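The values are calculated or read from the model by the stated rules, or taken from the named source; none is laboratory data. On a predicted model such as this, the values are computed, not experimentally measured, just so you know. For neighbour counting, all protein chains shown are included, and Cβ atoms are generated from backbone atoms with ideal geometry for every residue, glycine included.
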Amino acid sequence: MSAQEIPDTLLLAALDRAALHSREGTHAATWAARTDLGISASSGEWRQVRRQLGSLESAGLVEQGRRNGVPIWSVTAAGRERLGSIDVELPESPQHRRWREARTTAGQLDGRFRRALANTLRDAEALLSSEAPAHSDVWNALGDRLHGACAAVCAARYCLDEWAEPDDRERDEPDLSRAHFVTEQVTAGGGRDA
């Protein structure tokens, strides 16, 4: 979608949703609206959106502020009133996309994570059954493997069973340490069978 095709109401709705999903609340970070609409900050499209935001500001539908020296815009009461009278369909929100991607990745890796845990448990059983005592460094390394394997299964189960699908009418606050663990495993090539 080019910036010239973005209706004012879509831009208002993206800013409003970004504000709703942001930690700060009422003011929408500019990057969030760009993320919602898929517009690169360095593109000509973004320059067009900036001009469009200026027009919306002149009309009293948005107001510009600054956060940490960065310009941000938020929807005014008049802008929300305008949005209240129409139905705007936005693209998938960043918080929903994060949930969907983590869930998909967890589904792909869950079996691998479980096999890695089973293999680590077999190695622990073998050490316990061995007549020759293992060096403490071996036990320490096994403990690290066991912790990592359990954390991987925990993260996958969280993404698959416990992280509820976000409702775009409110900010989603997942346990990101677990959600990020799953996506980091793909990047790092982790979760391979031990």
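Taking the criterion of being among the small types (G, A, S), out of contact with any helix residue (DSSP H, G or I) (no Cβ under 8 Å at 6 or more places or on another chain) and more than 28 Å from E165 (Cβ to Cβ), the residues of region 60-84 that qualify are G65, G69, A77, A78.
Looking at this structure, is Q95 surrounded by 18 or more Cβ atoms within 10 Å (Cβ to Cβ), of a type outside the set (A, V, I, L, M) and within 30 Å of R34 (Cβ to Cβ)? Taking the combined requirement at face value, the residue satisfies it.
Taking (1) closer than 22 Å to V153 by Cα; (2) surrounded by 16 or more Cβ atoms within 10 Å (Cβ to Cβ); (3) without any contact (Cβ under 8 Å) to a residue 60 or more places away in the chain in turn, G111 satisfies each apart from (2). For the structure I just gave you, tell me whether R34 is surrounded by 13 or more Cβ atoms within 10 Å (Cβ to Cβ), of a type in the set (K, R), assigned by TED's automatic domain parsing to the domain that holds C150 and part of a helix (DSSP H, G or I). Spelling it out, it is not the case that R34 is surrounded by 13 or more Cβ atoms within 10 Å (Cβ to Cβ), of a type in the set (K, R), assigned by TED's automatic domain parsing to the domain that holds C150 and part of a helix (DSSP H, G or I).
Checking each residue in region 37-47 for being over 19 Å from D16 (Cα atoms) and in a helix (DSSP H, G or I) picks out G44, E45, R47. In region 99-113, is there at least one residue being more than 30 Å from H21 (Cα to Cα), outside the structural domain of A19 (by TED's automatic domain parsing) and not in a helix (DSSP H, G or I)? The answer is no, given that none of the residues of region 99-113 is more than 30 Å from H21 (Cα to Cα), outside the structural domain of A19 (by TED's automatic domain parsing) and not in a helix (DSSP H, G or I).
Being hydroxyl-bearing (S, T, Y), surrounded by 14 or more Cβ atoms within 10 Å (Cβ to Cβ) and closer than 21 Å to F181 by Cα holds for only one residue in T105, T76, and it is T105.
Among the conditions (1) part of a loop (DSSP other than H, G, I, E, B); (2) closer than 27 Å to P174 by Cβ; (3) acidic (D, E), the only one that D87 does not satisfy is (2).
Going through R97, R115, R34, R23 one at a time, which residue ends up being modelled with pLDDT of 95 or more and within 30 Å of V182 (Cα to Cα)?
From the options R97, R115, R34, R23, the qualifying one is R115.
Taking region 130-187 as the search range and keeping residues that are assigned to a helix (DSSP H, G or I) and of a type in the set (D, E), which one is surrounded by the most Cβ atoms within 10 Å (Cβ to Cβ)? Result: E184.
Consider region 118-137 and keep the residues that are polar (S, T, N, Q) and within 42 Å of the chain's Cα centre (by Cα). The one that is farthest from G148 (Cα to Cα) is S136. Taking into account only those residues within region 56-73 that are surrounded by fewer than 13 Cβ atoms within 10 Å (Cβ to Cβ) and of a type in the set (S, T, N, Q), which is farthest from A13 (Cα to Cα)? My answer is N68.
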